[in-house]
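The values are calculated or read from the model by the stated rules, or taken from the named source; none is laboratory data. Just so it is clear, the structure is predicted and the values come from calculations on it, not from any experiment. Every residue, glycine among them, receives a Cβ derived from its backbone with ideal geometry; neighbour counts consider all protein chains shown. Side chains are part of the model used for accessible areas, which takes the heavy atoms of the whole protein and leaves out ligands, DNA and RNA. Shrake-Rupley method; radii C 1.70, N 1.55, O 1.52, S 1.80 Å.
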Amino acid sequence: MGWLAALGALFAPASAWAQDGMRVWLPQAVTTTAPVIDRLFYVVLAITGAVFIGVQLTLVYFLIRYRRRPGVRAGYTHGNNLVEVVWTAIPAIILVWLSLRSQQVWSQVRGTPPPPDLEVAITAQQFAWNIHYPGADRRFGRTDASLIDEASNPIGLDRTDPTAQDDLVSVNQLHLPLNQTVLIHLKAKDVIHSFFVPQFRLKQDAVPGITSRMWVQPTTAGNFDIACAELCGLGHYRMRGFLTIESPEEFQNWLTQSLAEQAL
Ligand SMILES: [Cu+2]
């Protein structure tokens, strides 16, 4: 039966690919800023693609044009100052223009976020994502490392703190409401992890001792994977979270129901 298992292993990536709608190009873009990053990607691809084709065609032309012939040395060319100036100046101008454009995209994607409708704290650890919702009071309860209990209280939330009463802590389940601005506070408990949702076009390191902030505004409902993009230990491969983007009503229902289950 060994060969059957081997065959299965061979087709596992194919079935994951089929589940993702057999996309051959970029994953879905499900936030307001993802298409902005994609546009920059296409601009860079178009420029480098055109240069690549141009350089290869010129190479072939020069191979033929300056080949060895009776009475002519192979590779014989003479310098041309004007051509040298042009092919130095054009890439320089393109690079300066691209860096200015990238700066604009960067400030739009990672600059000051619009006022958030919802805030979520995500604490990465070997090998899970702890998701902390502040609840109706919109204030995160106090956390304290000495209160951490891996089984019952992975982020060390102080349940005696009044602002913690309506807080929800879920493991690997991130639900986000459609069309609302969400500010994510990203932390790490042990080693460096990296929060990665390909459909957000966002990848952010989670570093112990630092709270990194990023924001998203989801535009498409669906279920997506959260991957850890930093080799963080032996269980790195199974550090997978589940992202659900749903309507604000469905999100509220999920929050209320999870809070009720948490209280049991
Ligand atoms: Cu990790």
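Descriptive notes on the structure:
- Remark: the Val55-Asn172 segment gains 37.3 nm on full extension, using 0.36 nm per residue and subtracting the alpha carbon distance.
- Cα-based helix-to-principal-axis angle, 34-65 vs the chain, degrees rounded to 10: 20
- Choice from His236, His132, His78 showing the highest fluctuation, given a GNM over the chain with Cα pairs closer than 10 Å: His78
- Cβ-Cβ distance of Asn81 and Leu45, R₀ of 41 Å, FRET efficiency by 1/(1 + (r/R0)^6): the value works out to about 0.80.
- For the stretch 118-263, averaging the sequence separation of C-alpha pairs within contact (under 8 Å, six or more residues apart) and dividing by the residue count gives a relative contact order of 25 percent.
- The chain, relative contact order [Cα under 8 Å, separation at least 6], %: 19
- Signed unit charges on C-beta, dipole axis of the chain, positive-most listed residue Val43, Ala206, Leu174: Val43
- Calculated mean residue ellipticity, 222 nm, the chain: -13000 deg cm²/dmol, from DSSP H runs (n ≥ 4) at -39500 (n - 2.57) each, averaged per residue and rounded to 500.
- Heavy-atom accessible surface of the chain: percent carbon and sulfur, 1.4 Å: 63
- Among Pro114, Pro218, Pro91, the largest mean-square fluctuation in a Gaussian network model of the chain (Cα springs under 10 Å) belongs to Pro91.
- Between Asp144 and Leu264, full extension at 0.36 nm per residue minus the direct alpha carbon distance yields a gain of 40.9 nm.
- In the chain, one over the average inverse separation of all distinct C-alpha pairs is 22.5 Å, which is the Kirkwood hydrodynamic radius.
- Solvent exposure of the stretch 34-110 as accessible area per residue, Å², 1.4 Å probe: 82
- Counting 0.36 nm for each residue step from Asn253 to His236 and taking away their Cα separation leaves a gain of 2.9 nm.
- As an equivalent ellipsoid, the stretch 34-110 spans semi-axes of 38, 15, 5 angstrom, where each value is the square root of five times an eigenvalue of the C-alpha gyration tensor, largest first.
- Loop-resident sites, the stretch 52-103, for chymotrypsin sites (Phe, Trp or Tyr not before Pro), counting at most 14 other Cβ within 10 Å (DSSP): Tyr66, Tyr76
- Euclidean distance of C-alpha centroids, the stretch 128-200 and the stretch 47-67, integer Å: 54
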